[in-house]
Amino acid sequence: MADYKWPEESKKTLIGKRINRIDGPQKVTGRAKYNSDLKRPGMLYGKIVRSPYAHAKVLSVDTSAAEKMPGVKAVKLIDVPKGEVQWVGQEIAAVVATEEHLAEDAARAVKVTYEPLPHFVKEDDFAKAGDRATQADERTEGDPDKGFKEAEVVTEGFYAMPVITHCTLESHGSVTEWEGEDKLNLYLSTQNVSGSAGQIAPNLKIPATNIHVHQDHVGGGFGSKFGPDLWDVQGALLAKMAGKPVKMFLDREAELMVAGSRPSTFAKVKVAAKKDGTILAWDSVSWGTGGLTGAGTPGIPYVWKIPYHRKHTPVLTNIGATRAWRAPNHPQACYVTNSALEDLAADLKMDPLDLFIKNIELCDRAALYKEELLKAAELIEWKKKWHQRGDPAPGHIKRGLGLSLHTWGGRGHVAECRFTINPDSSVAIDLGSQDLGTGTRTVIAIVAADTLGLPLNAVKLNIGDNKYPPAGASGGSTTVGGVSATTRRAAVDALEALFKVVAPALNADPANLEAVGGKIQVKGDSSKSMSWKQACAKMGVTPISINAKNKPNDELSNSGVSGVQMAEVSVDIETGIVKIEKMVAVQDVGLIINLKTAESQVYGAMIMGISYSLFEEKIMDETSGRMLNPNMEFYKLAGILDVGKLQVHMMTGPDQDKRGVIGLGEPPVISPGAAIGNAVANAIGIRVPNLPLTPDRVLAALEKKGGLS
Amino acid sequence: MARSRDPEVKPKKGLSRRAFLSRSAGLAISTPIIAEAELAASAGPAADVKILGPGKVPVTLQINGKPHNLSIEPRVTLLDALRNYLDFTGAKKVCDRAVCGSCTVIMDGKPVYACAVLAIEAQGKQITTVESLSAEGKLHPIQAAFVQNDAQQCGYCTPGFVMACKALLDKNPNPTMEQVREGLGGNLCRCGTYAGIRQAVQTAGKALKGGRTNG
């Protein structure tokens with residue numbers, strides 16, 4: 001039985017080091033081809049005609065004028081369920097033309113008549129939700145009533161996060177190209193290379209096996225690109241009608257209106273505690289929207305196992321549908337919970353760090369959380385800088401500190417891979433996964449090369465195509481655990497096969513061989529060795545080819561991380577502008593394969609978190625039912641000026657290594673809302689309940705508090 | 001919050017695409033090139049105005065030192081010309097309205113948003129795209145610094161950042177961190193690679209000019 005377990009610290013040559021991502025040179029030179037960069041022979045450009053109404057009956061669609069427009073090659077209607085559009089941007093018809101602007105002209109020439117119907121797009125005031133409020137999800141754990149009876153302090157608060165969008169820089173879409181009547185090449189921008197053919201096949205009425213999916217790079221997904229969309233189906237159908245390949249990528253307006261959003265959460269919370277800070281009970285009433293579909297219930301109280309009663313009501317709105325947004329429901333749950341606990345600390349005049357540590361046994365992995373809290377506190381100089389609520393310093397710039405903690409699962413998904421060692425000594429790995437920019441390619445190559453005792457560039461890696469063995473979608477932070485485990489198993493098996501081939505020549509038992517430094521040698525005896533090239537030549541003409549598949553619960557991957565973040569902000573109480581001075585992230589993630597790209601994930605997640613904490617909101621207009629900011633001037637992302645000093649501390653060492661590999665993409669994006677919101681409250685002396693913390697909201701909170709000082 | 005880039009970058013004269021699209025009556029025309037749709041909204045052509053379009057017109061773009069001849073409508077942006085009519089796809093189409101910088105190219109030494117320049121306006125100018133930086137198969141020091149500092153994730157904004165960095169360092173090889181932040185404030189990244197980018201600019205500045213002499 002092969003021993004697949006991860007190498008000990010002393011044996012690791014590449015695993016855990018800081019390695020440059022192997023596709024970095026492609027990306028920085030512009031040579032990396034995204035599917036939105038493709039140009040196929042005779043390719044047409046597609047455009048979708050979209051509803052300007054949030055709710056309306058479609059009375060008629062007249063495509064006759066559009067069909068006669070210059071360059072137009074095909075126009076088709078899109079089936080609107082029950083003849084009623086349900087959000088602005090819903091698809092009505094699609095056109096393809098020889099040039100992009102000609103397709104836009106033609107889309108504008110499609111005449112649609114509507115009968116507007118009542119819509120509902122703003123859920124912030126629950127009293128107005130009426131019958132848009134659906135069945136509440138109500139739940140009790142433990143005995144919260146007892147806690148409230150015994151309480152010496154009850155803190156009440158309100159916390160809200162709006163709907164935000166994914167805003168992937170490469171918009172959603174595809175290039176579709178038919179080969180004959182029933183074979184399709186699908187160049188999709190996706191987080192799910194292996195799983196896309198099966199999703200689109202029924203719409204195209206061809207077998208999934210006839211669909212070839214290929215993607216070298218994807219320009220961002222964040223949970224919004226798990227399969228082909230309606231517009232990809234339309235693109236493929238139009239490509240067939242026109243007999244030409246079709247590029248159908250969303251423009252930015254459509255991208256922000258319909259291609260994914262994160263559900264909102266509004267929560268009224270009561271927390272019961274003793275005067276010494278012992279947390280006793282939780283009660284919350286919350287609501288939120290994910291469009292017209294349910295969006296799940298944020299798991300509040302979050303991380304802290306407080307006896308609770310909670311009631312969450314999904315509210316249906318006529319906005320584009322929600323999609324998984326990096327760590328679904330966690331940022332909302334985290335923000336509500338850690339904000340309420342910080343408010344409790346303020347009511348008790350306690351340092352929230354002390355409150356957290358006092359109650360830390362309410363968290364799983366309490367010792368780890370405590371260690372991370374103390375490390376983060378050291379890095380941000382918490383004990384030196386923290387003050388009671390309201391910065392006592394004179395002047396209009398007020399500084400404050402805030403903290404938060406989070407959790408995520410992140411066990412590896414199931415991935416398969418084909419691992420080949422050739423007689424000419426080359427090594428190839430084929431794996432139907434995808435690299436979202438998280439560093440997946442590099443991780444696979446590191447595991448393979450480390451296992452074989454070879455340099456990184458000795459491994460030829462093929463991913464991003466459904467002709468390779470299938471791997472799971474890249475979501476839920478499951479990729480690194482999956483691809484690293486399956487690669488490890490394959491590499492170990494392939495190496496064992498090679499050992500059997502070369503053992504006679506070394507006059508040794510195959511079980512007594514090892515691959516080190518580009519050689520195969522008798523364990524611990526470098527005098528009995530041969531080079532990797534010589535060893536491979538012993539195969540004759542037949543390569544070693546191994547198909548491997550990791551097991552969902554093997555020891556190579558694990559689940560359940562902690563993580564702590566702290567923020568230091570300054571707030572100008574005259575303008576209401578919040579500035580991030582510094583943010584610190586302390587993150588455990590089990591065995592780290594590539595420290596460099598792991599740190600990048602955490603930096604990136606903190607920045608994305610700063611972005612949604614300070615700037616991002618899908619602003620809906622009650623009257624027109626439209627999104628008011630479907631563009632990047634007014635749907636703001638944090639820029640390089642906005643992010644302050646950032647510091648990442650990864651938890652490393654034997655305690656982490658022995659856990660195995662755990663996913664990292666999601667956990668560090670969860671805490672920024674709470675950490676920053678708490679820091680602002682600490683700075684200005686009052687809670688600003690709603691994210692993003694825009695100047696108007698900060699000033700409104702200050703006014704409520706009763707002035708500027 | 002404020003995002004600025006070198007104010008010189010913004011077209012002071014010439015027809016920006018946004019102005020073109022807005023078709024505001026009474027728009028002051030100071031350019032010798034005008035599209036017909038614009039003309040219809042203005043008082044009438046001045047004697048020295050050349051009318052182009054709406055049909056296709058011959059356009060020659062000088063890209064990375066070589067001329068490229070195209071036949072395109074005057075409304076086609078430089079970005080669409082690069083991506084759809086030629087094969088310079090390093091510049092990306094993201095916001096398509098001069099906000100995010102993913103389409104940044106260098107035009108006569110200055111960084112511009114290629115989505116906000118009409119191809120006809122770019123004639124006669126030296127256009128440098130990201131593809132030219134590693135033309136001989138070797139990474140430019142800025143690109144090497146981006147790789148070394150992991151200043152990219154999904155990579156879609158990366159070519160734009162590389163070009164904005166080049167424009168910055170060409171002008172000022174020893175930027176302070178504040179100048180780095182100002183110089184790159186017109187580019188946006190969704191994955192959050194700014195920490196690596198800040199480091200990369202410093203590394204590249206050192207490689208290009210032997211480094212900063214003081215803080």
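Give me the aspartates and glutamates in straight-line cross-link reach of A:Lys704: C-alpha distance below 13 Å, same-chain residues under 8 apart excluded.
By straight Cα distance, A:Lys704 reaches A:Asp696.
If the limit is 29 Å between Cα atoms, which of A:Lys12/A:Lys467; A:Lys11/A:Lys467; A:Lys618/B:Lys125; A:Lys247/A:Lys618 go over it?
Going by Cα-Cα distance, A:Lys12/A:Lys467; A:Lys11/A:Lys467; A:Lys618/B:Lys125 fall outside the 29 Å limit.
Long-range amide H contacts for A:Val112: which residues qualify at under 5 Å (H placed 1.01 Å from N, peptide plane, sequence gap of 5 or more or a different chain)?
HN-HN under 5 Å from A:Val112: A:Asp62.
Please arrange A:Phe634, A:Phe499, A:Phe249 by how many other C-beta atoms lie within 10 Å of their C-beta, fewest to most.
The fewest-first ordering by Cβ neighbours comes to A:Phe634, A:Phe499, A:Phe249.
Take the Cα atoms of region B:141-209, find their three principal axes, and give me the spread along each one in whole Å, biggest first.
Dimensions of region B:141-209 along the principal axes of its Cα atoms: 29, 22, 17 Å.
Considering amide H positions built from the backbone, and no H for Pro or chain starts, which residues 5 or more places from A:Ala638, or on another chain, come under 5 Å of its amide H?
Counting only residues 5 or more places away or on other chains, the set is A:Ser611.
What ranking do A:10-21, A:600-611 get when scored by the average of other Cβ atoms within 10 Å per residue, highest first?
Answer by packing, highest mean first, reads A:600-611, A:10-21.
Report the rotationally averaged projected area of region A:277-372 based on its alpha-carbon convex hull, in square nanometres.
Answer in nm², one decimal: 6.9.
Reported to two decimal places, what Rg/Rh ratio describes region A:362-481 when computed on Cα atoms with Rh from the Kirkwood expression?
Rounded to two decimals, Rg over Rh is 1.23.
By DSSP, what percent of the beta bridges with both residues in chain A are antiparallel, rounded to the nearest 5?
In chain A, DSSP labels about 75 percent of beta bridges as antiparallel.
Over the whole of B:179-190, what's the average partner chain Cβ count within 10 Å per residue? Rounded to a whole number, please.
Neighbouring Cβ atoms belonging to other protein chains average 5 per residue here.
For a distance above 12 Å, tell me the whole-number percent of Cα pairs in region A:173-223 that qualify.
61
What is the calculated FRET efficiency for A:Lys349 to B:Lys66, with r their C-beta to C-beta distance and R₀ = 56 Å, to the nearest 0.05?
For A:Lys349 and B:Lys66, the calculated efficiency is 0.20.
Can you give me the distance in nm between label points at B:Lys209 and B:Ala135, each placed 7 Å from the Cα along the Cα-to-Cβ direction?
So the two model labels end up 2.4 nm from each other.
Can you compute the helix-only [θ] at 222 nm over the protein assembly as shown? Use -39500 (n - 2.57) per DSSP H run of at least 4 residues, normalise by all residues, nearest 500 deg cm²/dmol.
-8000 deg cm²/dmol
At most 16 other Cβ atoms within 10 Å and a DSSP loop assignment: could you name the trypsin sites (Lys or Arg not before Pro) in region A:308-378 that fit?
Sites meeting the loop and neighbour criteria: A:Lys349, A:Arg365.
What ranking do A:Trp231, A:Trp304 get, fewest neighbouring Cβ atoms within 10 angstrom at the top?
So the ranking, lowest neighbour count to highest, is A:Trp304, A:Trp231.
Over the C-alpha atoms of region A:35-172, what are the Rg and the largest Cα-to-Cα span, Dmax, in Å?
Looking at region A:35-172, its Cα Rg and Dmax stand at 23.8, 76 Å.
What percent of all Cα-Cα pairs in the protein assembly as shown falls in each 10 Å bin, counting up from 0?
P(r) over the protein assembly as shown, rounded to whole percents: 2, 11, 20, 24, 21, 14, 6, 2, 0, 0.
Please average, across the residues of A:590-598, the number of beta carbons from any other chain that are within 10 Å of each residue's own beta carbon, and give a whole number.
Partner Cβ neighbours, averaged per residue: 1.
Output the Kirkwood hydrodynamic radius of region A:321-421, Cα pairs only, in Å rounded to one decimal.
16.6
Show which aspartates and glutamates lie in cross-link reach of A:Lys122 when reach means a straight Cα distance below 14 angstrom and same-chain residues fewer than eight apart are skipped.
A:Asp131, A:Glu617, A:Asp621, A:Glu622
Around A:Lys12, what is the net charge, scoring Lys/Arg as +1 and Asp/Glu as -1 over all other residues with Cβ under 11 Å from its Cβ?
-2
Please give the contour-minus-distance gain from A:Arg18 to A:Glu179: 0.36 nm per residue of separation, less the Cα-Cα distance, rounded to one decimal in nm.
Working it through step by step, the gained length comes to 53.6 nm.
Compute the length gained on full extension between A:Thr140 and A:Asp3: take 0.36 nm times their separation in residues and subtract their Cα-Cα distance, giving the result in nm to one decimal.
44.8 nm
Need one number: % antiparallel among DSSP beta bridges in region A:265-356, to the nearest 5.
Around 50 percent antiparallel, to the nearest 5.
Here, each number is a calculation from the coordinates, and none is a lab measurement. Every value quoted in this text rests on a predicted model; they were computed, and no experiment measured them. Reconstructed Cβ throughout: ideal geometry from the backbone, glycine too, with neighbour counts over all protein chains shown.
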